[in-house]
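The values are calculated or read from the model by the stated rules, or taken from the named source; none is laboratory data. Just so it is clear, the structure is predicted and the values come from calculations on it, not from any experiment. Cβ coordinates were reconstructed from backbone atoms using ideal geometry, including for glycine residues, and neighbour counts include every protein chain displayed. Note: accessible area is taken over every heavy atom of the protein model, side chains too, but ligands, DNA and RNA are not part of it. Shrake-Rupley method; radii C 1.70, N 1.55, O 1.52, S 1.80 Å.
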There are 2 protein chains.
Amino acid sequence: MLDKTRLRNPRLFEKIVTPDQAADLILDGMNVATSGFTPSGYPKMTTVALARQIKEGKKCRINLWTGASVGKEIEEELAAVDGIAGRAPYYAFSNRSMQKGINERRINYTDLHLSHFGQQVHYGFFGKVDAAVIEAVAITEEGNIILGPGVGNAPIFVKDAEKIIVEVNTAQPLELEGMHDIYIQEKPPRRREIPIYSVGGRVGVPYVECGLDRIDAVVESAVPDQVRDLAPPDDKSKQIAGLLIEFLKSEQKSGLLPPEMLPLQSGVGSIANAVLSGFKDSAYTGLEMYSEILQDAVFELILLGKVKFASGCAFTPSPKVLKLFRENAALFKKSIVLRPLDISNHPEIIRRLGVIALNTPLEFDIYGHANSTHSMGSSILNGIGGSGDYMRNGYLSVFATESTAKGGDVSRVVPFAAHTDHSEHDVMVYITERGVADIRGLAPHERARRIIKNCAHPDFQPALYEYLERAEKEPGHIPHDLKNAFKMHCAFQETGTMKNIRF
Amino acid sequence: MLDKTRLRNPRLFEKIVTPDQAADLILDGMNVATSGFTPSGYPKMTTVALARQIKEGKKCRINLWTGASVGKEIEEELAAVDGIAGRAPYYAFSNRSMQKGINERRINYTDLHLSHFGQQVHYGFFGKVDAAVIEAVAITEEGNIILGPGVGNAPIFVKDAEKIIVEVNTAQPLELEGMHDIYIQEKPPRRREIPIYSVGGRVGVPYVECGLDRIDAVVESAVPDQVRDLAPPDDKSKQIAGLLIEFLKSEQKSGLLPPEMLPLQSGVGSIANAVLSGFKDSAYTGLEMYSEILQDAVFELILLGKVKFASGCAFTPSPKVLKLFRENAALFKKSIVLRPLDISNHPEIIRRLGVIALNTPLEFDIYGHANSTHSMGSSILNGIGGSGDYMRNGYLSVFATESTAKGGDVSRVVPFAAHTDHSEHDVMVYITERGVADIRGLAPHERARRIIKNCAHPDFQPALYEYLERAEKEPGHIPHDLKNAFKMHCAFQETGTMKNIRF
């Protein structure tokens, strides 16, 4: 029940409407922007009502803008009733109707670097923000919005929105208040530096500036974020984590990383989770994270003193970690800051702080190009997200993944990436459970041998060497045989396996 | 003849050696780093002597590091005698022996974003800077180095070098003194912001700090930079320039660019030159440039009052413009600043100032991926240079090129780029002489139709539509038919033309 701890100005109570009344504000063709980042801090009431209205006959297809993927109450519900015309800037495969809609091209999905989208919306490149739907922990007396655990692009959306719907969610702990540092950059040519010089630097305010008058509707919510507990790391993930931590240690030993270590960024998923878990058992203490999303393991690392500070644009508390958070709120509040997405992922800060970028590719080629997004170059699994922001601008950029997929039938190391999200110019190190390929300063033909030798699975090494040697019969800085560049991919499409290919 | 206007401390005269004596300091296997950026401000004596020594039997293969391409006295002379083992961070096709060595993989060339290389050298990722060979206009009383018109990575090379050879070139005008703004960033985690807030902002000193004791040799030079006059723009380039300027005007009209305009970056080459020339005849005045290299046209634009300030890491004065520079030195000195490459190309500044990035791709695909470097995916024509620094971080990112090459046999618009330097996430607008494809906010299948319709040459439109439609028979966010993705490229390799291809 909403009380004055959540709505801190009496006028706000007059703005309370039902989800249906809020959904009435959303009309066909609108650009609708929401808070949230992965299943964290996204609104859960208005879009469910809207989806029901559409099912009951309301003609409404919206363009849905978010921070990243959001929960099923938005993506799945709306996509299932064909309520989404356009989508940006990120999508992940967890919501099947959305995936289907995008791959069938009924939903026009634009995949963007996450640090770019808020800025481009603010510049007007995507048109007006017709409505912002924001999940809040509370609304202040002045009408400013205290966000949940997922900031995403909410600050810019609120700044630019014509209509504002705030879902105040009593399932989000009030202890979140004070964890946010909300800062919006001016547009060029009046833009200044972002004065963040350390992982924990604070430059903004702990709420999204809005004002009572701009809030059109308040919706009560008590639905928790839909976060699942992550499975414990498997053996291969543990091997990868071990190799990565050894690599970082050797970099420090040879003086290429400073003894005090540099801030870590870590992508999402099982490999990232294994890497973070790996730090639990390492000798490292007092680490810092400057990342996009803070997964469960970060909370355990903070409790263990392994991580002293973490900056992100969201955290995704599983039920277990949400409990941990409530029990140790004071510790976490002084050890975590939540920033807008365009600040957490900003090249200026990533490069200044010297962030070590750790991400997971879908596949990569022998010359070092990485595909983060499109299976066989076509079907999207997930968007590029912030991987490009970090990999391009990181002090060190590392991609780590298993050497195979689909039970061993697919090699993640291929002659030619079927989609290039990160070029050869953007990646320094590849790691699989087979080993580490440090490709800094190598020419393409040297990289190829190191990647095949150190990272490819033995089932595919002979074919990859054959491709390379065949291509090397001709001159060329990057030896390629375009006729056969996708032979492994085509074999998989035709036979279900990349095995037994010869060039 | 070197006098005290050029060598401002008597001790410097004692350090004068012959080019051969300087070349004696360079030994087999060394990492040798030079000043200069394109044929501008590079040393011209020591490497010529070294090449002769090698021809006469000295065993010496070096790793050559620069700002970008440099003149034939370095690249051509040394490559012709097999004196180069490794090369970074940029190469352009003008020096044929270098091109041959790289494509035959005798020279191990690493292609990098230009904003990355100096930093990575400074971090130690490439090993020690064994020797720096720097061209100077003069050396100050304190032993600090006043550079020529090409800064490149000279400041970081000097800072990190074990041996320092300075070629003082009397053919470089003394009026260059005062045009440089040399600033070196701290390494993380002690790095601060770069306090540049306007195109003309100055944050450093007008010389490279070095000190008398660190200078091992001074070599006298009087050889001008080898810069050719650019040919006047042809009709297609003029059409492209016209379309681009119209596009910028319409962006301002619709409020997507501010009325005061934003700083321009422009790549090199004939299209870039045509675009700059196009501004001469436009209504624009008081423009600003925040760019990598300042071509001839910039000087004319400054004289006309069309450009009020230009920032770059080098300018390449043709004989004609060098004369213009000497006659108007006072005006140019107050209108131009020369910065280190890692500052001219730094994401922090490019994004802060809201630079409009204009570059030329080699080819691009229907989904918006661009190839800047490798013909048919293999043979390098030139490195990626700074195009990635600007395209990724620009307020607006525009690629402009002719729709065809090789007398019309090659389409620059293809189904699948044979090398991806810039992904779909990095480019907003493509322009050819056929028209403008603004692909902001579009899904891939929408982009494809707009690019084919607006940018592809009619000779290739039917084939490109066929590819798209064939690929669209299957679901997929980015419709591709991997078996036929490079069919046009393969046809060119086999028959010398991409024409008459059907899918």
Checklist entry - If R0 is 41 Å, what FRET efficiency do you get for A:E494 and A:D234 from their C-beta distance, rounded to 0.05? => result 0.85
Checklist entry - Round to a whole number: what % of the accessible area of chain B belongs to carbon and sulfur, probe 1.4 Å? => result 50
Checklist outcome for this item: For chain B, the dipole about the Cα centre with charges only on Cβ (Lys and Arg +1, Asp and Glu -1), to the nearest 20 debye, works out at 380
Checklist outcome for this item: The B/A contact buries a total accessible area, at probe radius 1.4 Å and rounded to the nearest 100 Å², of 7200
Checklist outcome for this item: The pairs in A:K453/B:K58; A:K59/A:K100; B:K59/B:K100 lying past 27 Å Cα-Cα in this model are A:K453/B:K58
Checklist outcome for this item: Dividing the mean separation of Cα pairs under 8 Å (6+ apart) by the residue count of segment A:10-221 yields a relative contact order in percent of 24
Checklist entry - So what is the diffusion coefficient of segment B:1-106 in µm² per second by Stokes-Einstein at 4 °C and 1.567 mPa s, using a Kirkwood Rh over Cα pairs? => result 90
Next on the checklist: Are there any residues in segment A:189-216 with a reduction of at least 20 Å² in accessible surface when going from the isolated chain to the assembly of protein chains? Probe 1.4 Å, please list them by number.
Outcome noted: A:P189, A:R191, A:R192, A:E193, A:Y197
Item to check | Partner lysines for B:K320 [C-alpha distance under 17 Å; skip if fewer than 8 residues away on the same chain] | outcome: none
Checklist entry - If we hang a label 7 Å off Cα along the beta carbon direction at B:Q493, how far is it from the matching labels on the other copies, in nm, shortest first? => result 1.8
Next on the checklist: Let me cross-check A:H457: its accessible surface, 1.4 Å probe, with only protein heavy atoms counted, in Å² to the nearest 10?
Outcome noted: 40
Checklist outcome for this item: Under a 1.4 Å probe, counting only protein heavy atoms, A:W65 has an accessible area in Å², nearest 10, of 10
Item to check | Heavy-atom SASA rank of A:E260, A:E209 (probe 1.4 Å, accessible area, largest first) | outcome: A:E209, A:E260
Next on the checklist: So, taking all protein chains as they sit and a 1.4 Å probe, how much accessible area belongs to A:E363, in Å² rounded to tens?
Outcome noted: 10
Checklist entry - Where does helix A:444-455 land angle-wise versus the long Cα axis of chain A, in degrees 0 to 90, nearest 10? => result 80
Checklist outcome for this item: Per 20 angstrom bin, beginning at 0 and ending with the bin that holds the maximum distance, the Cα pairs of the protein assembly as shown fall in percents of 14, 45, 34, 7, 0
Checklist entry - How many nanometers, to one decimal and shortest first, lie between the label point of A:E246 and those of its other copies, if labels sit 7 Å from Cα toward Cβ? => result 6.2
Checklist outcome for this item: Rh_Kirkwood(chain A) over Cα pairs, Å, one decimal, evaluates to 23.4
Item to check | Helix B:46-55 axis, angle to chain B major axis (alpha carbon atoms, nearest 10°) | outcome: 90
Checklist entry - If you roll a 1.4 Å probe over the heavy atoms of the protein chains, what accessible area per residue do you get for chain B, in Å²? => result 32
Item to check | the protein assembly as shown, dipole about Cα centre (Lys/Arg Cβ +1, Asp/Glu Cβ -1), debye to the nearest 20 | outcome: 140
Item to check | Solvent-accessible surface ranking, highest first, for A:L331, A:L64 at 1.4 angstrom | outcome: A:L331, A:L64
Next on the checklist: Counting only protein heavy atoms, probe 1.4 Å: which residues of segment A:468-492 lose 20 Å² or more of accessible surface in the full assembly compared with their chain by itself?
Outcome noted: A:E472, A:P475, A:G476, A:H477, A:I478, A:H480, A:L482, A:K483, A:F486, A:C490
Checklist entry - What aspartates and glutamates sit close enough to A:K406 to cross-link, taking a C-alpha to C-alpha distance under 16 Å and skipping anything fewer than 8 places away on the same chain? => result A:D234, A:E363, A:E433, A:D459, A:E494
Checklist entry - What 222 nm value per residue comes from the helices of the protein assembly as shown, counting each DSSP H run with n ≥ 4 as -39,500 (n - 2.57) and dividing by all residues, nearest 500 deg cm²/dmol? => result -8500 deg cm²/dmol
Checklist outcome for this item: When the charge dipole of the protein assembly as shown is computed with +1 on Lys and Arg Cβ and -1 on Asp and Glu Cβ about the Cα centre, the Cα farthest towards its positive end, among B:I336, A:A297, B:G71, belongs to B:G71
Item to check | Förster radius 56 Å - calculated FRET efficiency between B:S254 and A:K483, Cβ distance, rounded to 0.05 | outcome: 0.80
Next on the checklist: Once the cut-off is 30 Å, how many percent of the Cα-Cα pairs in segment A:235-495 end up in the long-distance tail?
Outcome noted: 29
Checklist entry - Per residue of A:414-425, what is the mean number of Cβ atoms on other protein chains within 10 angstrom of that residue's Cβ? => result 6
Item to check | Cut-off 20 Å (backbone N to label point 7 Å along Cα→Cβ of B:L331), residues of segment B:298-319 | outcome: B:298-312, B:315-319
Item to check | Positive minus negative residues near A:S237 (Lys, Arg vs Asp, Glu; Cβ under 10 Å) | outcome: -2
Item to check | Over segment A:109-190, equivalent-ellipsoid semi-axes from the Cα gyration tensor in Å | outcome: 24, 14, 13
Checklist entry - Nm distances between the label at B:P224 and the same-position labels in the remaining copies, 7 Å along Cα→Cβ, shortest first? => result 7.7
Item to check | Cα-based helix-to-principal-axis angle, A:114-123 vs chain A, degrees rounded to 10 | outcome: 50
Next on the checklist: Tell me the net charge near A:R8. Cut-off is 9 Å between Cβ atoms, A:R8 excluded, with +1 for each Lys or Arg and -1 for each Asp or Glu.
Outcome noted: 0
Checklist entry - Which whole-percent values make up P(r) of segment B:10-221 when all C-alpha to C-alpha distances are grouped in 10 Å steps starting at zero? => result 9, 36, 37, 15, 2, 0
Checklist outcome for this item: Per the charge dipole of chain A (beta-carbon charges, Lys/Arg positive, Asp/Glu negative, Cα centre), the residue among A:A136, A:P189, A:A491 reaching farthest to the positive end is A:A491
Checklist entry - Based on Cβ point charges of +1 for Lys and Arg and -1 for Asp and Glu, what charge dipole magnitude is obtained for segment A:79-222 about its Cα centre, in debye rounded to the nearest 20? => result 760
Next on the checklist: Place a point 7 Å from the Cα of A:M1 along the Cα-to-Cβ direction; which residues of segment A:155-175 have their backbone N under 20 Å from it?
Outcome noted: A:168-174
Next on the checklist: Can you compute the FRET efficiency between B:R11 and B:K323 using 1/(1 + (r/R0)^6), with r the Cβ-Cβ distance and R0 = 25 Å? Round to the nearest 0.05.
Outcome noted: 0.10
